[in-house]
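The values are calculated or read from the model by the stated rules, or taken from the named source; none is laboratory data. Since we're looking at a predicted model, the values are computed, not measured. Backbone-built Cβ (ideal geometry, glycine too); neighbour counts: all protein chains shown. SASA here: full protein model, heavy atoms, side chains in, ligands and nucleic acids out. Shrake-Rupley method; radii C 1.70, N 1.55, O 1.52, S 1.80 Å.
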Amino acid sequence: MNVEYMGLKEISGPLVVIDGVKDASYEEMVEITVGRNKRLGRIIEIYGEMCVVQVFEGTRGISLENTRSRLLGKPLKMPLSMELLGRVLDGIGRPVDGLGEIFPEKSRDINGEPLNPVMREYPRNFIQTGISSIDGLITLIRGQKLPVFSGSGLPHNQLAVQIVRQAKITDAGNENFAVVFAAMGVKHDVAEYFRQSFQKSGVLDRVVMFRNLANDPVVERIVTPRCALTVAEYLAYDKGMHVLVILTDMTAYAEALREISSSKGEIPSRKGYPGYLYSDLASIYERAGMVKGCKGSITQIPILTMPNDDITHPIPDLTGYITEGQIVLDKNFALKGIYPPINVLPSLSRLMKDGIGEGYTREDHPHVANQLFASYAKVQEVRALASVIGEEELSPVDKLYMNFGREFENRFIAQDFRENRSIEDTLDLGWELLRLLPKEELDRLSPDIIDKYYTVPESKKGDF
Amino acid sequence: MENSSHGTIYGINGPVIKVRGNHAFQMYEMVLVGHDRLIGEVIRVFETETIVQVYENTTGLKPGEPVISTGKPLTVKLGPGIIGNVFDGIERPLERIAEKTGIFIKRGSIMDNLDRNKLWHVRMLARPGDYVNQGEFIAEVKETESVIHKIMVPPGIKGEVIEAVGDGEYNIDQTIVKVRDGKTIHNLSLVQEWPVREPRPYYHRLPLNIPLITGQRIIDTLFPMAKGGAAAIPGGFGTGKTLTQHQLAKWANADIIVYVGCGERGNEITEVLEDFPKLVDPRTGRPLMERTVLIGNTSNMPVAAREASIYTGITLAEYYRDMGYDVAIMADSTSRWAEALREISGRLEEMPAEEGFPAYLPSRLSEFYERAGRVENFNKTEGSVSIIGAVSPQGGDFSEPVTQNTKRFVRCFWALDKALAYTRHYPAINWTNSYSEYSQELSEWYSVNAHPEFMDKKAKISRILQEEEKLLDIVKLIGSDILPDEQKLVLETARAIRQGFLQQNAYHEQDTYVPIKKQYLMMDSILRFYEKAVKLVSIGVPVSVIRKSGAFEELIRIKYNIPNDDFSAFEDLNGRLEKILEEIEAEYKK
Ligand SMILES: Nc1ncnc2c1ncn2[C@@H]1O[C@H](COP(=O)(O)OP(=O)(O)OP(=O)(O)O)[C@@H](O)[C@H]1O
Ligand SMILES: [Mg+2]
């Protein structure tokens, strides 16, 4: 198919319209030549002989007359090979590290296909991150999609790096483990920070990095996570690897989607985002999981910054409706100097119920987690009251809650960027904190669990 | 185009296809799109163009490819083999798709909805010479150990049975009965077809005066659902919509469960598939999967099929209702269905009403919820379809269009609350915003079948919770220490009600499902204790003394300590609590 179409009918934002096209197919790739420079685009609407094309590199410098366009006869495909490990690619999967071509074993449509729900395996394996608040209260499970809801200026990148460095993803060693990292619209130094930390922790040769930086074309961002997930699926389902996928920043991704939608003149729903934002995000997040008859897994940690720290904004909101929980970072904690500034109350891991407790982590895990949540929720009530009547006026029990709240934040939530705690340490610490409260207050615990764990074991008494 | 049953693709925009070259397409007709014969449905007919929504991914389609008319609307196949199965939004069996295309769903997989090779053991009811009417049972098949599938005369057919096979093994295609209606002869098999967008007919509606018992205390006691009723569960993400739906699918006393995963997570379908075969139906002692059918059109599957999934589900439900069964259908989430409508509408460039939703959203919602009901069927049996729809309001804000419009068409509203969920108070159903308009009509049933004083106790429990609500406003400002003791007692009792009665742990073996009798006895114990404690407080006993006795903790732990199948322990408990109070009284009087 070597027909070239000269010129364009219309240009609008990142979109161009080509007229007189014969034999175009929906979502087919188009190569647009402007002078000596070639750009890639994708057909997103066809009407008769008119095609609306989304140009990945943007439309700057394009006029109605200075282009030649050629249909490429196929949708956008990602070349796949084990050689991708250790490589840095641009937002549409072309190497940018100067280490040469990659010879693909196969290539696949980046949109992927929906996983058949009957072929999924329900995720149950605990991933120890060494971070108490996560392991204890928002447990990450292999095959889960668990986003980090953050705000500008918060240490979500450090947290992601710490998770990658400390995560025990495989039961045995780590040779079966890979990281797929997709940067969308982030600053150069952020991408560099990630690269260096991967290098420092010695995992760089197991990382595939996709880089669409803040000054890279916006439209390219639309395909970056899809390219990344196509690689992740290849590593997990063809090669049996456990893949951790980090997508950052999903907010930049959604904004790119909004930009294209408004260029198309589509009717917006909330805050200008297109009505299909939910389905679109789902087509990314649902590509996490485990499947029957296959060793590998895809665990996703998407990172997004909440505009105005507003959790009801469409991006975090629709993300929360799709993912299996969320880790919420909170400015107020960061201001108090707490790292990681995780607010556990709005955070949740929906898959933890099946991956913790006897046979997985430890028998008492669900109970401690429940009680810590309930007691810490009560701390909020007491604090609200204290702010009205003053801490001194509180009842003796309420004073204990105030103390519990402080200790919980300073010892359980807060931990050093380098500190890697075992799940046993985390749970023991949880009990230590619960002992700051009288037994009668622990209404989520059954008497036998209290007897077994609350009462300080004789042998350990000396420790306190 | 000369061929009148063909059109050709002219435009493509996501799942929406514009077709030219044929003006004979009918509204809502099913069509086959492109060389791969993707299934589609006609949704608009204009003078020069026909608009089709395609139930599969349209990548790679080209203008000029054919669109073939089928002459019939989007239908489902109704017959044995539905129960225990998992289908996509247009009734394609996902297990069979997996056999063909592996872990991913590839498109263009046209296949039989029901297994056509399987032989069913058929027991014949119709005999030659019988005169049969629509809906009448002509045969029976044991579909699963728990479900007898009645083979019925399809709606609109009546006449004399002129031939009938004997009992034996038949597949779904074989004719088992021939019926003559005047000059026409109808060949009836085990299967019939029905257009999903059309409600199946029934003889007449019956009053909604029997509860759908769910084993969930806050629902059965405070906000009960009627068999044949419609309920909504709205709530922000992570507040417990899906878990509540799963709980109802597991424990509601319906004969058949239709679970529609509409635009939600794949893993949630997987979870049902893993759990239900292992869980035992308390009424039949058989695995729950034997009364359940799943429709899974997850969020990453095609959006047009998501739109259809709700109708497919409700049509299956009505079909089993026609056999005289009580059917409950869970739709998780109706918001995703509404969004599918919005997406298609947006691609058609229709004038939107609120938040981009089409102006016909309310009428579509009402048509759907109207398909709930308890009815007398043509065959004289009684059956019901109860609808429980999850609603996922954007930003967790109940003032958005889907929640608001749903509210108009359901009479049970179980409002999930983020604040409760954050404190892990589950189920996070808010007892002040929720309501059930069925309470009144169901009160007689409760008085007769649960306990004569059931409604009375329920009212008292509600009253204590209301009082607590008022008191908490004061406590927020000044703390609870300076409240008078009778009010402190209200707070303590309300706490016991919240933690001991309203909170229910879905993951606890005993607490996950609680029989209605036990619900009554729990209320009874709490109220007995409260009423006696009120007397003590009135003679000056401080609440702190009562609190120290550990009695409230005992009340809170009833759910774990007293098993579901042995209520004798209630008497001991009541006696013990009474003694505690007597001792306190004696001590105080000294
Ligand atoms: N009755 C309950 N008992 C114990 N845990 C519960 C209960 N209800 C909800 N939960 C907890 O809340 C979590 C979220 O519930 P669920 O998945 O049902 O939310 P949802 O409202 O369907 O969210 P989404 O809209 O995102 O799908 C569950 O994973 C579970 O941990
Ligand atoms: Mg849900």
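Of the heavy-atom accessible surface of segment A:122-281 (probe 1.4 angstrom), what whole percent is carbon and sulfur?
Values: 1960 of 4350 Å².
With neighbouring chains kept in place, the figure for segment A:122-281 is 45 percent.
Over segment A:310-413, what percent of the accessible surface lies on carbon and sulfur atoms, probe 1.4 Å? Spell out each step's value before the answer.
Values: 1850 of 3630 Å².
After summing per-atom areas, the C and S share lands at 51 percent.
Among B:G346, B:V177, B:T214, whose Cα sits farthest toward the positive end of the charge dipole of chain B (+1 at Cβ of Lys/Arg, -1 at Cβ of Asp/Glu, about the Cα centre)?
With unit charges placed on the Cβ atoms, the residue in question is B:G346.
How many Cβ atoms of partner chains, on average, are near each residue of B:58-65 if near means within 10 Å of its Cβ? Present the calculation step by step, with values, prior to reporting the outcome.
Working: counts 4, 9, 7, 6, 7, 12, 3, 1.
Shielding by partners across B:58-65 averages 6.
With a/c under 1.5 counting as rounded, go ahead and sort the protein assembly as shown into rounded, prolate or oblate using the C-alpha gyration tensor (a ≥ b ≥ c being the square roots of the eigenvalues; past the cut-off, prolate if a/b is larger than b/c, else oblate).
Numbers: a/c = 2.04, a/b = 1.17, b/c = 1.74.
Oblate.
Restricting to DSSP H runs of at least four residues, report the calculated mean residue ellipticity at 222 nm for chain A, -39500 (n - 2.57) per run over all residues, nearest 500 deg cm²/dmol.
On the way: 11 runs with 128 residues, N = 464.
Estimated from H runs of four or more residues: -8500 deg cm²/dmol.
Measure out, as a whole number of angstrom, how far apart the alpha-carbon centroids of segment B:361-433 and segment A:18-71 sit.
47 Å
Quick query: amide H of A:E363 versus all other amide H atoms, modeled in the peptide plane; which residues come in under 5 Å with a sequence gap of 5 or more or a different chain?
Under 5 Å from the amide H of A:E363 lie the amide H atoms of A:E358, each far enough along the sequence or on another chain.
Among the residues of segment B:247-274, which ones have their accessible area go down by 30 Å² or more when all the protein chains sit together, as opposed to their chain alone (1.4 Å probe)?
Residues shielded by partner chains are B:R265, B:G266, B:N267, B:T270, B:E271, B:E274.
Near B:G396, within a Cβ-to-Cβ distance under 13 Å, what is the net charge of the other residues, with Lys and Arg +1 and Asp and Glu -1?
Details: positive: A:R270, B:K241, B:K418; negative: A:D310, A:D317, B:D397, B:E400, B:D417.
Local net charge: -2.
Give the average, rounded to an integer, of partner chain Cβ atoms located within 10 angstrom of each Cβ in A:273-284. Can you show the working numbers first?
Values: counts 1, 4, 13, 9, 1, 11, 12, 3, 2, 10, 3, 1.
If you average over the peptide's residues, the count of other-chain Cβ atoms is 6.
In square nanometres, what is the average projected area of the Cα convex hull of segment B:115-190? Walk me through the numbers before you get to the answer.
Working: hull surface 19.2 nm².
Value for segment B:115-190: 4.8 nm².
Residues with amide H under 5 Å of A:S107's amide H, sequence separation 5 or more or different chain, H placed in the peptide plane at 1.01 Å from N; which?
Residues meeting the criterion, in which the H sits 1.01 Å from N, are A:L80.
Could you list the GluC sites (Glu not before Pro) in segment A:18-98 that lie in coil according to DSSP, counting only those with at most 10 other Cβ atoms within 10 Å of their Cβ?
On the way: sites: A:E27, A:E28, A:E31, A:E45, A:E49, A:E57, A:E65, A:E83; in loops: A:E27, A:E49, A:E57, A:E65.
Passing sites in segment A:18-98 are A:E65.
Partner chain Cβ atoms within 10 Å, averaged over the residues of A:120-126 - can you pull that number for me? Each step should come with its number before you reach the end.
Working: counts 11, 3, 9, 3, 1, 0, 0.
For this peptide, the per-residue mean of nearby foreign Cβ atoms is 4.
Please compute the net charge surrounding B:K559, taking Lys and Arg as +1 and Asp and Glu as -1 over other residues with Cβ under 10 Å from its Cβ.
On the way: positive: B:R217, B:K518, B:R557; negative: B:D511.
Overall, the nearby charge balance is +2.
For an R0 of 51 angstrom, estimate the FRET efficiency from the Cβ-Cβ distance between A:D425 and B:I539 and round to the nearest 0.05. The partial results should precede the final answer.
Working: r = 52 Å, r/R0 = 1.02.
Computed FRET efficiency for A:D425 and B:I539: 0.45.
I want to make sure I understand the PRE zone here: with the label point 7 angstrom from the Cα of A:R60 toward its beta carbon, which residues in segment A:214-253 have backbone N atoms less than 15 Å away?
What the label zone holds, given the 15 Å backbone N cut-off, is A:214-221.
With every protein chain left in place, what is the accessible area per residue of segment B:504-590 in square angstrom, probe 1.4 Å? If you can, show how the numbers build up before the last one.
Details: 4410 Å² over 87 residues.
Averaged over the residues of segment B:504-590, the accessible area is 51 Å².
Using the Karplus curve 6.51 cos²θ - 1.76 cosθ + 1.60 with θ = phi - 60°, work out ³J(HN,Hα) for each residue of segment B:424-430 in order, rounded to whole Hz, and write x for Gly and Pro.
Running phi through 6.51 cos²θ - 1.76 cosθ + 1.60 with θ = phi - 60° gives 6, 8, 10, x, 7, 7, 6 Hz.
Let me know the shape class of segment B:454-589, please: from the alpha-carbon gyration tensor, a ≥ b ≥ c as square roots of the eigenvalues, rounded when a/c is under 1.5, otherwise prolate if a/b is greater than b/c, or oblate.
Values: a/c = 2.01, a/b = 1.32, b/c = 1.52.
Oblate.
Let me spell out the model: positive unit charges on the Cβ of Lys and Arg, negative unit charges on the Cβ of Asp and Glu, origin at the Cα centre of the protein assembly as shown. What dipole size does that give, in debye rounded to 20?
Values: 124 positive and 146 negative charges, 190 e Å.
Result for the protein assembly as shown is approximately 920 debye, rounded to the nearest 20.
Computed on protein heavy atoms with a 1.4 Å probe, what is the summed buried accessible area for the chain pair B and A, in Å² to the nearest 100? Please list the in-between numbers first.
Values: alone 25170 and 20240 Å², together 38970 Å².
So the total buried area for this chain pair works out to about 6400 Å².
Please compute the contact order of segment B:454-589 in relative form: average sequence separation of alpha-carbon pairs under 8 Å and at least six residues apart, divided by the residue count, as a percent. Could the numbers behind the result be given before it?
Values: 97 pairs, mean separation 41.9, N = 136.
Worked out over segment B:454-589, it gives 31 percent.
Which of rounded, prolate or oblate describes chain B when judged by the alpha-carbon gyration tensor and an a/c cut-off of 1.5?
Details: a/c = 2.69, a/b = 1.77, b/c = 1.52.
Cα axes put chain B in the prolate bin.
When only C-alpha pairs under 8 Å and at least 6 residues apart count, what is the relative contact order of segment B:115-190, in percent? Before the final figure, lay out each step's value.
Working: 175 pairs, mean separation 24.1, N = 76.
Taking the mean separation of contacting Cα pairs over the length of segment B:115-190, I get 32 percent.
Which value in nm describes the separation of the simple spin-label points at A:S395 and B:R180, placed 7 Å from the Cα toward the beta carbon?
Here the modelled spin labels are 8.6 nm apart.
When only Cα pairs under 8 Å and 6 or more residues apart are kept, what is the percent relative contact order across chain A?
Details: 927 pairs, mean separation 76.1, N = 464.
Relative CO of chain A lands at 16 percent.
Given the pairs B:K532/B:K579; A:K378/B:K418; A:K239/B:K106; B:K535/B:K579, which span a C-alpha to C-alpha distance of over 18 angstrom in this model?
Numbers: B:K532/B:K579 11 Å; A:K378/B:K418 15 Å; A:K239/B:K106 21 Å; B:K535/B:K579 14 Å.
Cα-Cα > 18 Å for A:K239/B:K106; rest within.
If amide hydrogens are placed 1.01 Å from N in the peptide plane, which non-local residues have theirs closer than 5 Å to the one on B:D130?
For B:D130, whose amide H was placed from the backbone, the distant partners under 5 Å are B:V161.
Might you tell me the accessible area per residue for chain A, computed with a 1.4 Å probe and given in Å²? The partial results should precede the final answer.
Details: 17010 Å² over 464 residues.
With all protein chains present, chain A gives 37 Å² per residue.
Say each of B:N117 and B:H508 gets a label point 7 Å from the Cα, pointing the same way as Cα to Cβ; how far apart are those two points in nm?
4.9 nm
Run through the DSSP bridge list for the protein assembly as shown and note the antiparallel percent, rounded to the nearest 5.
Working: 108 of 165 bridges.
Bridges in the protein assembly as shown that DSSP calls antiparallel: roughly 65 percent.
Could you give the dipole magnitude of segment B:219-275 about its Cα centre, charging the beta-carbon of Lys and Arg +1 and that of Asp and Glu -1, in debye to the nearest 20? Display every interim value, and only then the final one.
On the way: 4 positive and 7 negative charges, 44 e Å.
Around 200 debye, computed over segment B:219-275.
If each DSSP helix of 4+ residues adds -39,500 (n - 2.57) and the sum is divided by the residues in chain B, what number results at 222 nm, nearest 500 deg cm²/dmol? Display every interim value, and only then the final one.
Numbers: 16 runs with 192 residues, N = 590.
Taking each H run of at least 4 residues, the total per residue is -10000 deg cm²/dmol.
Give me the dipole magnitude in Debye, nearest 20, for chain B about the Cα centre, with unit charges on the beta carbon: positive for Lys and Arg, negative for Asp and Glu.
Details: 70 positive and 82 negative charges, 25 e Å.
Roughly 120 debye, rounded to the nearest 20.
What percent antiparallel are the DSSP beta bridges of segment A:78-354, to the nearest 5? Don't jump to the answer; show the numbers that get you there.
Working: 12 of 42 bridges.
Antiparallel: roughly 30 percent of the beta bridges in segment A:78-354.
State which entries of B:K227/B:K380; B:K407/B:K457; B:K458/B:K590; B:K100/B:K241; A:K336/A:K399; A:K353/B:K559 exceed 26 angstrom in Cα-Cα distance in the structure shown. Mind showing how you got there, number by number?
Numbers: B:K227/B:K380 18 Å; B:K407/B:K457 28 Å; B:K458/B:K590 37 Å; B:K100/B:K241 33 Å; A:K336/A:K399 20 Å; A:K353/B:K559 20 Å.
Over 26 Å Cα-Cα: B:K407/B:K457; B:K458/B:K590; B:K100/B:K241.
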